[in-house]
Amino acid sequence: MRRIALLAVTGLMGLAATGPSHAADPGWQRKVAQLIGANYAYPRSAVLRGEQGIAKIKMGFSGAGKLLSVDLVKSTGSAILDREAVRIPRKIASYPAPPTGSNTDITLPITWRLNDD
C-alpha cells in the first residue's frame with residue numbers, strides 16, 4: 001500500500017531571506033513556513049503518477065506582509081508539483097508583516113514524498 005508523506009517546508013533548514021532585510025527574524029520566517037505547511041496538498045494526479053520531489057519557492061513580501069511575488073527557484077521535475085508549489089502561497093489570505101517593516105524575500109523548500117509500505 002502506498003502512503004503519502006507530505007512534508008511542506010522542511011523546517012527552517014534551507015530557508016533563506018534576502019533583500020534589504022536579509023537578516024529577517026526567524027520567528028517571522030517560521031510563521032510564514034507554518035502557513036505554507038498548513039495549506040499544501042499532494043495533487044491527486046501527481047500521486048497517481050508516482051511523482052515526488054522538492055521544490056524551492058521564493059516569495060516576496062511588502063513591509064505590510066502583502067505577498068508581492070512567488071517564483072519557482074528549483075523544480076521538482078514534475079510540472080504538476082511545480083504548479084502546486086507556486087499556487088500554495090497565493091491561496092493564503094494574509095501573512096504577518098515582516099518585523100523589519102520593509103520588503104523581504106524568503107526562499108522555502110516544499111517536499112512531496114510517496115512512501116511505499
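How many residues, within the stretch 92-117, are among the hydroxyl-bearing types (Ser, Thr, Tyr) and under 12 Å from the mean Cα position of the chain (by Cα)? Lay out the reasoning, then the answer.
From the stretch 92-117, those among the hydroxyl-bearing types (Ser, Thr, Tyr) are 94-95, 100, 102, 104, 107, 111; that's our starting set.
The next check asks that each one be under 12 Å from the mean Cα position of the chain (by Cα); those that pass are 107, 111.
Of the residues in the stretch 92-117, 2 are among the hydroxyl-bearing types (Ser, Thr, Tyr) and under 12 Å from the mean Cα position of the chain (by Cα).
Of all residues in the stretch 63-94 being surrounded by 13 or more Cβ atoms within 10 Å (Cβ to Cβ) and of a type in the set (Gly, Ala, Ser), which is nearest to ARG49 (Cα to Cα)?
Filtering the stretch 63-94 down to residues surrounded by 13 or more Cβ atoms within 10 Å (Cβ to Cβ) leaves 63, 65, 67, 70, 72-76, 78, 80-89, 92.
Going one step further and asking which of them are of a type in the set (Gly, Ala, Ser), we end up with 63, 65, 75, 78, 85.
Details: GLY63: 40, GLY65: 36, SER75: 17, SER78: 10, ALA85: 17 Å.
Only one residue fits best here, namely SER78.
For the stretch 19-28, does any single residue satisfy the condition of being at pLDDT 95 or above and not in a helix (DSSP H, G or I)?
No, the stretch 19-28 has no match at all.
It is to be established whether one or more residues within the stretch 75-91 are in contact (Cβ under 8 Å) with a residue 12 or more places away in the chain, over 12 Å from the mean Cα position of the chain (by Cα) and more than 28 Å from ASN115 (Cα to Cα).
Checking the stretch 75-91: not a single residue is in contact (Cβ under 8 Å) with a residue 12 or more places away in the chain, over 12 Å from the mean Cα position of the chain (by Cα) and more than 28 Å from ASN115 (Cα to Cα).
Please work out which residue is farthest from SER102 (Cα to Cα), limiting yourself to the stretch 40-68 and to residues that are among the hydrophobic types (A, V, I, L, M, F, W, C) and not in a strand (DSSP E or B). Can you show your working first?
We begin by selecting, within the stretch 40-68, every residue among the hydrophobic types (A, V, I, L, M, F, W, C); these are 41, 46-48, 54-55, 57, 59, 61, 64, 67-68.
Filter once more, so that each one left must be not in a strand (DSSP E or B): 41, 46-48, 64.
Working: ALA41: 30, ALA46: 37, VAL47: 39, LEU48: 42, ALA64: 8 Å.
Looking at residues that are among the hydrophobic types (A, V, I, L, M, F, W, C) and not in a strand (DSSP E or B), I get LEU48.
Please specify each residue of the stretch 95-110 satisfying the condition of being buried (at least 19 other Cβ atoms within 10 Å of the Cβ) and either part of a helix (DSSP H, G or I) or among the β-branched types (Val, Ile, Thr) (or both). First the steps, then the outcome.
Filtering the stretch 95-110 for residues buried (at least 19 other Cβ atoms within 10 Å of the Cβ) gives 95, 98, 104-106, 108-110.
Hits for the stretch 95-110 are THR104, ILE106, ILE110.
Those residues that are closer than 14 Å to LYS56 by Cβ, outside any helix (DSSP H, G or I) and β-branched (Val, Ile, Thr), I need them from the stretch 69-94; list them, please.
VAL70, VAL73, THR76
The values are calculated or read from the model by the stated rules, or taken from the named source; none is laboratory data. Not measured: the values here are computed from a predicted model. Neighbour counts run over all protein chains shown; Cβ positions are idealised from the backbone, glycine included.
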